[in-house]
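Reviewing the structure listed below.
Bear in mind that the values in this text are calculations on the coordinates, not laboratory data. Because the structure is a prediction, the values reported are computed rather than measured. Don't worry about glycine lacking a Cβ; one is built from the backbone with ideal geometry, like all the others, and counts go over all protein chains shown.
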Amino acid sequence: MTKPVIFCDFDGTVTESDNIIRMMEEFAPQGWEDIKDQILTRQISINEGVGKLFSLLPSQLEEKLTAFAIEHAKIRPGFKEFVEFAHKEEIPLYIVSGGIDFFVYPVLEKFGPFEGIYCNESDFSGERIKILWPNECDSLCDNNCGCCKPSIIRKLTHENDKFKIVIGDSVTDLEAAKHADFVLARDLLQEKCEEWGINHRGFSTFFECIEEIKKRIEVGELKC
Ligand code: MG
Ligand code: ZN
């Protein structure tokens, strides 16, 4: 189990803040925060909550929302270098995101290519925005994740025995972290890793992520 593979979250990890929250602050009517709180305290599933949040918004906001997301997505320092590092070391780097296609792809465009990008999809054809879930939970997960990170990890690693590195910050990463061999964590995810005794390290920039993985390659723990 020495060949690494990286599964990296998008919102609040690649970007410094959560794009969905930013968009809701700007465009959603009153009451959206209650839904957000229910998601964060795990009273409702991510799937249900994110669907509800976007159903608050009319589809005609599509262009405005997309432009807003691209304009406000602040990329965490070191991300560009991190992607280059993974390329150079030939470490597969997957983006697994509970975000939505209409902002995930445009923001990532200038950094790729990636081994793969997994996120939720959007339908602007109705009166209100509808979220589609092409990466739903497999039979081994009953969390209603929306974009089910553990299911994706299982699908991509079932035929090999790779060292799974999960990078993330929040509620959509909790289940993924339980499947990781090592977690680079921020915020809520970091707290939970501590609480649950998951092998992890906190980070604030992707330069630290590079250093951490480099160190493990140098001591022979990981082979690329
Ligand atoms: Mg996140
Ligand atoms: Zn799931």
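Could you work out the relative contact order of segment 103-224? I mean the mean sequence separation of Cα pairs under 8 Å and 6+ apart, divided by the number of residues, in percent.
Reported as a whole number, the value is 13 percent.
Just to be sure I understand the model, the point goes 7 Å from the Cα along the line to the Cβ. What's the resulting Glu115 to Ile70 distance in nm?
Placing both labels 7 Å along Cα→Cβ, they lie 2.9 nm apart.
Once you've got the Cα coordinates, tell me which of Lys52/Lys215; Lys130/Lys215; Lys52/Lys178; Lys80/Lys178 are over 32 Å apart.
Values: Lys52/Lys215 43 Å; Lys130/Lys215 44 Å; Lys52/Lys178 27 Å; Lys80/Lys178 27 Å.
Where the Cα-Cα span goes over 32 Å, the pairs concerned are Lys52/Lys215; Lys130/Lys215.
Under the definition of Cα pairs under 8 Å and six or more residues apart, what whole-number percent is the relative contact order of the chain? List each step's numbers first, then the result.
On the way: 388 pairs, mean separation 58.5, N = 224.
Across the chain, relative contact order equals 26 percent.
For Glu16, Glu90, which order do you get if you count the other beta carbons within 10 Å of each Cβ and list the fewest first? Please report the intermediate quantities before stating the final value.
Values: Glu16 15, Glu90 9.
With the sparsest Cβ surroundings first, the list reads Glu90, Glu16.
Assuming 0.36 nm per residue, please report the length gained on full extension of the stretch Ile44 to Arg128 beyond their Cα-Cα distance. Let's see the in-between values first.
Details: separation 84, 0.36 × 84 = 30.24 nm, distance 2.08 nm.
Full extension of this stretch gives 28.2 nm more.
Which one, Lys162, Lys64, Lys36, has the greatest fluctuation when you compute a Gaussian network model over the chain with C-alpha springs under 10 angstrom?
It is Lys64.
Once both axes come from the Cα atoms, what is the angle between helix 79-88 and the longest principal axis of the chain, in degrees from 0 to 90, rounded to 10?
40 degrees
If R0 is 22 Å, what FRET efficiency do you get for Ile21 and Asp181 from their C-beta distance, rounded to 0.05? Walk me through the numbers on the way to the answer.
Values: r = 30 Å, r/R0 = 1.35.
Calculated value: 0.15.
What percent does the relative contact order of segment 93-141 come to when contacts are Cα pairs within less than 8 Å and at least six residues apart? Write down the numbers at each step before the final one.
Values: 56 pairs, mean separation 17.3, N = 49.
Averaging sequence separation for qualifying contacts and normalising by length gives 35 percent for segment 93-141.
Is segment 135-224 rounded, prolate or oblate when judged by the Cα gyration tensor, a ≥ b ≥ c being the square roots of its eigenvalues, rounded requiring a/c under 1.5 and prolate requiring a/b larger than b/c? Show your work: numbers first, answer last.
On the way: a/c = 2.25, a/b = 1.32, b/c = 1.70.
Since a/c reaches 1.5 but b/c is at least a/b, the shape of segment 135-224 is classed as oblate.
Neighbour counts of other C-beta atoms within 10 Å: give me Leu56, Leu140, Leu40, Leu156 arranged from fewest to most.
Working: Leu56 16, Leu140 9, Leu40 13, Leu156 19.
Starting with the residue having the fewest Cβ neighbours, the order is Leu140, Leu40, Leu56, Leu156.
Given +1 on the Cβ of Lys and Arg, -1 on the Cβ of Asp and Glu, and no further charges, what dipole in debye does segment 3-218 carry about its Cα centre, rounded to the nearest 20?
Numbers: 25 positive and 40 negative charges, 73 e Å.
Value, rounded to 20: 360 debye.
Which parts of segment 190-214 would a label at Asn143 reach, counting a residue when its backbone N lies under 20 Å from a point 7 Å out along Cα-to-Cβ?
Output list for this probe position: 190-203.
Applying 1/(1 + (r/R0)^6) with R0 = 22 Å to the Cβ-Cβ distance of Arg201 and Lys80, what FRET efficiency is obtained, to the nearest 0.05?
On the way: r = 21 Å, r/R0 = 0.96.
The computed FRET efficiency comes out at 0.55.
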